[in-house]
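Structure first, then comments.
The values are calculated or read from the model by the stated rules, or taken from the named source; none is laboratory data. All values reported here derive from a predicted model rather than from experimental measurement. Here the Cβ is made from the backbone with ideal geometry for all residues, glycine too, and neighbour counts use every protein chain on show.
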Amino acid sequence: MAAPMTHRFLAACRREPVDRVPVWMMRQAGRYQPSYRAVRQKVSFLELCRSPELIAQVTVAPIDEFGFDAAILFSDILVHLPAMGLDLSFEKGEKGKGDGGPKIGNPVRTRADVDALRVPVPKKDLPYVLDGVRAIRAALADRVPLIGFVGGPFTVASYAVEGGSQGFTRLKTMLYAEPATAHALFEKLTQAAIVQIEEQVAAGAHAAQIFESWLGELAREDLEEFSFPYLARIAEAVRKTGVPSILFSTGTTAHLEPMAKLGYDVVSVDWRIPIDEARARLPGVAVQGNYDSTLLLGPRDVAVARAQQLLRAAGPTPGYIFNLGHGIQVGTPTENVKAVVDAVHAFGWK
Ligand code: CP3
């Protein structure tokens, strides 16, 4: 288990009072940063994900540069797929190039394909991720907590079945045509998520975020049959490790009430709902997110004013973590990121 640590991010996850609203941003280590682009001139995206030293370097860089209240492990929700038997590449992800979308050469299409998938053994198959966690902890020296993460079963399945970022039609058709195959796939991906998060926490992660980014593609009855039971099992597994859990998704504001009951400490919301409404509809959990990442591209004064407006609307009740509705976009000026982080830290309700 992670060493006990008191910090405003972990306090907010537990809905305890904080001195300042904690702030971090999804994809805070990425191509909008000149320092990240310099690393990517030298190595491909997957080489970066497999180097503990580089993982630590790019994870810690945005903490030093912007003063975020949490670091997030630099990795990807698909890194374990080769160990499961899938041929993963990032198309334009070679040295120097950006925009490397994932591609799977042998996508999962049949029951036999699902049965052939192997649940990874993180210590053996993903040692660089766990060494990366330890290297980050050493480099951070407890300045801020470290968030570990895995992909949610539906989101990882969408890449595994479609073969890349190609929509959701094949996977959704599998739910309706071959529900037993879909359940077998989600079962394996749930087991894979649980073992990875357990090992990340054992290696030193202080919190666990589940990236179920594309959950908003599913109808309520499909969420109830094919997603919520698996997400609840992952939440329960994280709870047993003793660290707070965060459920991230987009396009799911129609489903906040059932999502509040899955067992997560924190539920992340996108920008499609007023924050006060989201907080009212998520009783008993902390809320993260809601800021539209596109604002960070715009005029700095507007980006700052909208951050302050969001904090006013979120209100002083403990249990709010400032974050984006989705990841920082390529082309975001670093000055805008700094200005918004500073504005969140300067904000007070009195
Ligand atoms: O948030 C962070 O700072 C931690 C690092 C992180 C990455 N990917 C780095 C990355 C995290 C948490 C992820 C999760 C992830 N990966 C998700 C869920 C979050 C989301 O954005 O919805 C998904 C769907 C993936 C799969 C994936 N990885 C895609 C679709 C792509 C290509 C699109 C893109 O943004 O380039 C990636 C590549 C990727 N993952 C990059 C980074 C920094 C860009 C790679 C590069 O350097 O060229």
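Looking for something closer than 22 Å to N336 by Cα and surrounded by fewer than 17 Cβ atoms within 10 Å (Cβ to Cβ) - is there at least one such residue anywhere in region 1-15? Step through it out loud before you land on a result.
To start, the set of residues in region 1-15 that are closer than 22 Å to N336 by Cα comprises 9.
Adding the requirement that they be surrounded by fewer than 17 Cβ atoms within 10 Å (Cβ to Cβ) leaves none.
No; the residues of region 1-15 include none that is closer than 22 Å to N336 by Cα and surrounded by fewer than 17 Cβ atoms within 10 Å (Cβ to Cβ).
Does region 7-25 contain any residue that is over 15 Å from P145 (Cα atoms) and either small (G, A, S) or not in a loop (DSSP other than H, G, I, E, B) (or both)?
no
Identify, by number, the condition in (1) within 16 Å of the ligand (Cβ to nearest atom); (2) modelled with pLDDT of 95 or more that E94 doesn't meet.
(2)
Restricting attention to region 100-128, and to residues there that are within 30 Å of F68 (Cβ to Cβ) and in contact with a helix residue (DSSP H, G or I) (Cβ under 7 Å, 6 or more places away or on another chain), which single residue is modelled with the lowest pLDDT? So that I can check it myself, show each step before the final result.
Just the residues of region 100-128 that are within 30 Å of F68 (Cβ to Cβ), to begin with: 100-102, 120, 122-123, 125-128.
Checking the rest, the ones that are also in contact with a helix residue (DSSP H, G or I) (Cβ under 7 Å, 6 or more places away or on another chain) come to 100, 102, 120, 122-123, 125-126, 128.
Numbers: G100: 67, P102: 97, P120: 98, P122: 98, K123: 98, D125: 98, L126: 98, Y128: 98.
Across region 100-128, the extreme among qualifying residues is G100.
What is the residue count in region 287-308 for residues that are in contact with a Pro (Cβ under 8 Å, 6 or more places away or on another chain) and buried (at least 23 other Cβ atoms within 10 Å of the Cβ)?
Residues in region 287-308 being in contact with a Pro (Cβ under 8 Å, 6 or more places away or on another chain) and buried (at least 23 other Cβ atoms within 10 Å of the Cβ): 1 in total.
Among the helices (runs of 4 or more DSSP H) confined wholly to region 218-325, which include 1 or more residues that are polar (S, T, N, Q)?
On the way: elements: 228-241, 256-260, 275-281, 300-314.
Those helices (runs of 4 or more DSSP H) span 228-241, 300-314.
Return the total of residues in region 162-180 being in contact with an Asp or Glu (Cβ under 9 Å, 6 or more places away or on another chain) and either closer than 19 Å to H80 by Cα or surrounded by 18 or more Cβ atoms within 10 Å (Cβ to Cβ) (or both).
4
Six or more apart or on different chains, Cβ atoms under 8 Å: show the pairs whose first residue is in region 55-72 and closer than 24 Å to L126 by Cα and modelled with pLDDT of 95 or more and whose second is of a type in the set (S, T, Y) and away from the ligand (no atom under 12 Å from the Cβ).
Listed by first residue and then by second, the contacts come to I55/Y128; V58/S35; A61/S35.
Check off (1) surrounded by fewer than 20 Cβ atoms within 10 Å (Cβ to Cβ); (2) within 16 Å of the ligand (Cβ to nearest atom); (3) touching a residue at least 24 places away in the same chain (Cβ under 8 Å); (4) more than 19 Å from the chain's Cα centre (by Cα) for R31 and give me the number that stays unchecked.
(4)
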